[in-house]
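Input: one structure, supplied below.
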Amino acid sequence: MTTQIAVRLPDELVRFLDQSVADGIVTSRAEMVSRAVEREMRHQAAVADAAILTTDGPRDDLDELVAWAATNAFLED
């Protein structure tokens, strides 16, 4: 299911959306906005997971994997 919403964006962002569509990077403005929101959702989940790991530390037999991820993972801003 999808829901249509109205969003006001600065002209610069709209130009970027339109150029992305024109360049064939995405098929529509909505696709680009969806990608951006999904990326932000993943980012927020990763930040929350990192906070839990920092506070509680590793809890199970995956300690080696957690240690590797903590030093090798890359989080987008």
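The values are calculated or read from the model by the stated rules, or taken from the named source; none is laboratory data. Predicted model, so just to flag it, every value in this text is computed and none were measured. Every residue, glycine among them, receives a Cβ derived from its backbone with ideal geometry; neighbour counts consider all protein chains shown.
Being of a type outside the set (G, A, S) and part of a loop (DSSP other than H, G, I, E, B) narrows it down to one of V47, V7, so name that one.
Result of the check over V47, V7: V7.
Can you pull out every residue in the range 1-26 that is in contact with a helix residue (DSSP H, G or I) (Cβ under 8 Å, 6 or more places away or on another chain), over 30 Å from A73 (Cα atoms) and among the polar types (S, T, N, Q)?
Listed by number, the list is empty, since nothing qualifies.
Which members of the range 4-56 meet the condition of being modelled with pLDDT under 95 and of a type in the set (S, T, Y)?
Of everything in the range 4-56, those that are modelled with pLDDT under 95 and of a type in the set (S, T, Y) turn out to be T54, T55.
Okay, moving on. Return the residue satisfying two criteria in turn: it lies in the range 1-52 and is exposed (fewer than 12 other Cβ atoms within 10 Å of the Cβ) and touching a residue at least 24 places away in the same chain (Cβ under 8 Å), and of such residues it is nearest to A67 (Cα to Cα).
Per the stated criteria, the residue is V47.
Among (1) assigned to a helix (DSSP H, G or I); (2) loosely packed, with under 12 Cβ neighbours inside 10 Å; (3) over 10 Å from the mean Cα position of the chain (by Cα), where does F74 come up short?
The number of the failed condition is (1).
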